[in-house]
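Working notes for the structure below.
Only the coordinates and a few stated rules stand behind these numbers; no lab work does. As the structure is a computational prediction, the values presented were derived from the model and not from experiment. Cβ placement follows ideal geometry from the backbone for every residue including glycine, while neighbour counts extend to all protein chains displayed.
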Amino acid sequence: MDVNLCVGCGACTEKCPGKFDDGYNADLKQRTAIYVEYPQAVPLKYAINPDVCLKLTKDKCGICEEVCPAKAIDYTQKEERITLNAGSIIFSPGFKPFDPSRFDNYQYANFPNVVTSMEFERILSATGPTMGHVTTFPKLPLNPKKKQDKLLAEKRKDPKKIAWFQCVGSRDINKCDNAYCSSVCCMYAIKEAMIAKEHAGGNLDCSIFFMDMRTPGKEFEKYYENAKKKHGIKFIRSRVHSVTENSETHDLNIRYVDEKGQIINDTFDMIVLSVGLEITQETKEFAQKLGIELTPSGFCKTSSFEPVTSSRDGIYVSGVFNKPKDIPESVLDASAAASAAGDALSAARNTLTKAVEKIPEINVVGDRPKIGVFICDCGSNIKGVVDCAGVTEYAKTLPYVEFADEAMYACSQDAQNKMVEYIKEKNLNRIVVAACTPKTHEPLFQETLTNAGLNKYLFEMTNIRNHNSWVHKSNPEIATQKAKDLVRMAVAKAALAEPLKEEKINVNDTVMVIGGGLAGMTSAKSLALQGYKTHLIEKKDKLGGEAHKLYKTSQGEDVQTHLNELIKEIESNANITVHCNTTLENVDGFVGNFKSTLKTDTTSFALEYGVAVLATGAKALVPTEYEYGNDDRIITSLDLDKMFKENDAKLDQLNSAVFIQCVGSRQPDRPYCSRVCCTHSVDNAIELKKRKPGIDVFILYRDIRTYGERELLYKKARELGVIFIRYDREQKPEVVLDKGKLLVKLNDHVLNQPVEIEADLLTLATALVPRKDEKLANFFKVPLNDEGFFVEKHAKLGPAEFATSGVFVCGSGHYPKPVNEAITQGRAAASRALTLLAKKDNLFTSGTIANVDSMKCSQCGVCVAICPYSAPRFATEGRFAGKAEINAVLCKGCGLCVASCRSGALHLRGFDTHQIFSQIFALGEAV
Amino acid sequence: MNNKLTGSVVVIGGGISGMLSALDLANSGYYVYLVEKGPSIGGVMAQLDKTFPTNDCAM
């Protein structure tokens, strides 16, 4: 394939006789030898699989070459070797879902209704083999041709009962060699069960069989609780031994032991194996070629203090290859790796990049509107309900519409290219797209307008998916009518669209980092290395924060040594000014132009800066239960760390030590999991056992959440004889101080009877609580969640920044996290801030902002008082002194001032009164 | 030793992590080569239906 010629039309696939398994759909269906991975693929270029192409294997066929209108097919292409010169390498090869075929107990390879979670993911997807319909026998072709398959397909039904089996290919050294926890399966199983219920209706019975429920991420515990309480998903703590099949119906029978020790038989229509994440042999070999060290589990070996740096200089790693992780963590890794790779090359920054060529804007002012309308099918997402062809035809009849077209995926590269062509060819000067949500896709289409020389505000998007095909699924006719109404409204507004101007923002390239803990220091160091003057603000008298209290990381590294090294580096960096004993008094201004007053005991001073990083951290809860404070032998995890650090002689006298987990976490008043405490206790238990092998150590827990390779510590602790006893939130352990004895009483879940432990030391694994600094949050207009953690811009794609431009977040103020993750996020925040600082001459305001008709302004001040962003103010000079004016940078275009202006002096560009009315009138025609 | 630094980075792997590394670096002033074995970028995330804990569309 010549990718430069391929236009992505798909004509080549129509008659291609070669077939092979469609990996994108987890091999649940077949694809042609010439293929595109998926409809929204980037780049949207077809590829040929040389192993199944008849032309390449047998020199027959050649149909694709005949039908390709772009003459892009080239069978003579050979492997090419290209040499690239680069300063750094980022290696992020990802993972493969574990293949359970070799497990004979679950019979995945033989039973048609045992599927993997990846297969189930595709079954749930609207673009998947069953178009989102959950059905049994999903591995059979939709319209089977073989006789045997046809017979099976007749038995196809909508499942009534589905079970998920957790830890398939994870936490298992019996049937495979993956001792680690894959970190993501508990959450995705809950998600799949929820979505399956959504697709199949509320009566679907979903059960998740698990060992420990591991939901230690931000908002995860609530998701788990909701799944139980709101969605009625059953959680069964049991490892199912094996599965048998009813040979007639192919229903699946399982036998398991429940928590009370009873043997239970049950039957399911489908079983989903929650397969773990695995590093492929190919990746391991490639890592060896690169000369980087791996852990015994096959992941990249990195230190907690340089968590994205491989053992080889200049090679950085991110994503699942750098330990099993979910999407937000992979996103943080990505930015952190970019920061680490960039830091090493900062002297060569901007030497090889070129500025993007600007396409001159066509002046359309005064021209009659010529509207182009594009209707998106979104695969079956919209077209499955709405008659998109009918809507397209209808659009052509509307006033000022010059052209209308339907696209399978309007967001795909080829549809975008076509749009540019149509704009040029038909001189379109306004564009309407009826598709999904502008929240995610408006910027993409606006960029397309820019590429075609149109001002990006000559665009209107209407949502015929979320607001229509999704909510009116059962009423296709009405949905089609509504789509027409929505398009008519959008066209009416688009006809009135005007080109808008974006104002340039000057960027002060000084940085302020608030919080001198590990995360804040890491951010400051990276930004300083990139050449930016950085001010590090710390409330206390020294840098280092909570990390001063830690003994070792989960990988056994000494925290104090590394912490002190980092503090020294910070203090000796000429670009960093450290302000200890300093608090922030106020924040004025906006992205690129912040101004604050900072106060110490003796003075106060002003600081001007362009971006801010909030790294205020969290602190350990002071417990109010388990007799804490009433006896010296009852301490917190950090107290125990202190004893280790000081090599306290008392440690050698202990004969029995008890840990209680979830002290203050995972309970109604603090519903989140504090993420770090399980590993911390397990680690400290090992340390106690190492110091004195004869000691009895008990960990009383609810779920052990040693995610990722931390699981190996859990395994080691069990091997060393640490005893784990589970308790329920409803039946917490009881601590009794009796005649000088420290007793811990609880019900043992294995023996199902009360036990009493006499302890010499009781360590409470306390929750990490956020500082809940509402003052700081208000200063920067950034949100806090119910628990007091900062709310990031996007749970998955913006985990190190706020929705407020120019403000970034890292460390435990975002969510509790261990050393390596705090440092990763510190680096990630620096990387995100750097992308903004690098735009110094290229940062613009939005065009859709309020503006004042000064002649009409009555100076009442309502707009000044009501704006949550402090954008309107009274002009102090000039002809209109005393009248309201809008600060274009602060204005978010919310329209609050416009709605409250009693003089009609305020207008929102792009959403002006006559534009809104035009939509309402256009809707009126339908009534 | 640093007088011959090259201001470019090779990112191997076009999944969510590789793509975002590439974007951050390109937007910070480094030239990026994004290398992907398959015919398109996107990785495993493109195969997912929804994502936890917000149940957003993964695509």
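What to note about this one:
- Take the Cβ atoms of A:Cys860 and A:Leu923, set R0 to 35 Å, and the FRET efficiency comes out at 0.60.
- Distance in nm between pseudo-label sites at A:Leu737 and A:Lys228 (7 Å out along the Cβ direction from Cα): 3.2
- Cut-off 20 Å (backbone N to label point 7 Å along Cα→Cβ of A:Thr295), residues of region A:816-831: A:816-828
- Furthest towards positive pole of dipole, A:Val613, A:Leu527, A:Leu908, structure part the protein assembly as shown, Cβ charges: A:Leu908
- Each Lys and Arg Cβ is given +1 and each Asp and Glu Cβ -1; about its Cα centre, region A:1-107 then shows a dipole of about 80 debye.
- Along the axis of the charge dipole computed for region A:395-503 (Cβ charges of +1 for Lys and Arg, -1 for Asp and Glu, origin at the Cα centre), the listed residues A:Leu496, A:Pro476, A:Leu428 are led at the positive end by A:Pro476.
- Using alpha-carbon coordinates, inclination of helix B:16-27 to the longest axis of chain B, degrees: 40
- Overall form of region A:620-767 per C-alpha gyration tensor (a/c, 1.5; a/b vs b/c): rounded
- Taking a ≥ b ≥ c as the square roots of the eigenvalues of the alpha-carbon gyration tensor, region A:5-89 is classed prolate because a/c is 1.5 or more and a/b outweighs b/c.
- For chain A, size of Cβ-based charge dipole, Lys and Arg +1, Asp and Glu -1, in debye: 880
- Three-way shape label, region A:361-414, alpha-carbon gyration tensor, a/c 1.5: oblate
- Violating pairs (Cα-Cα greater than 18 angstrom) within the set A:Lys439/A:Lys839; A:Lys96/A:Lys284; A:Lys439/A:Lys793; A:Lys197/A:Lys228; A:Lys29/A:Lys145; A:Lys599/A:Lys793: A:Lys439/A:Lys839; A:Lys599/A:Lys793
- Restraint check, A:Lys642/A:Lys689; A:Lys147/A:Lys175; A:Lys175/A:Lys230, Cα-Cα greater than 26 Å: A:Lys147/A:Lys175; A:Lys175/A:Lys230
- Among the trypsin sites (Lys or Arg not before Pro) found in chain B, those both in a DSSP coil and sparsely packed, with 15 or fewer other Cβ atoms within 10 Å of their Cβ, are B:Lys37.
- Cα-centre dipole for region A:777-860 with unit charges at Cβ (Lys and Arg positive, Asp and Glu negative), debye to 20: 220
- Positive-end residue, region A:11-83 charge dipole about Cα centroid, Cβ charges, pick of A:Pro69, A:Thr83, A:Pro43: A:Pro69
- Here the Kirkwood formula puts the hydrodynamic radius of the protein assembly as shown at 31.1 Å, using every distinct Cα pair.
- At full extension, A:Thr577 and A:Glu361 could sit 73.3 nm farther apart than now, given 0.36 nm per residue minus the alpha carbon distance.
- In nm, spacing of pseudo-spin labels at A:Asp760 and A:Asp786 (7 Å Cα→C-beta vector): 4.4
- Candidates per GluC sites (Glu not before Pro) in region A:1-97, loop by DSSP, up to 10 other Cβ within 10 Å: A:Glu79, A:Glu80
- For region A:770-776, putting each phi into the Karplus relation 6.51 cos²θ - 1.76 cosθ + 1.60 with θ = phi - 60° gives couplings of x, 6, 6, 7, 5, 5, 4 Hz, in residue order, rounded to whole numbers and with x for Gly and Pro.
- Label point of A:Ala649 set 7 angstrom out along Cα-Cβ; within region A:672-693, amide nitrogens under 19 Å from it belong to A:691-692.
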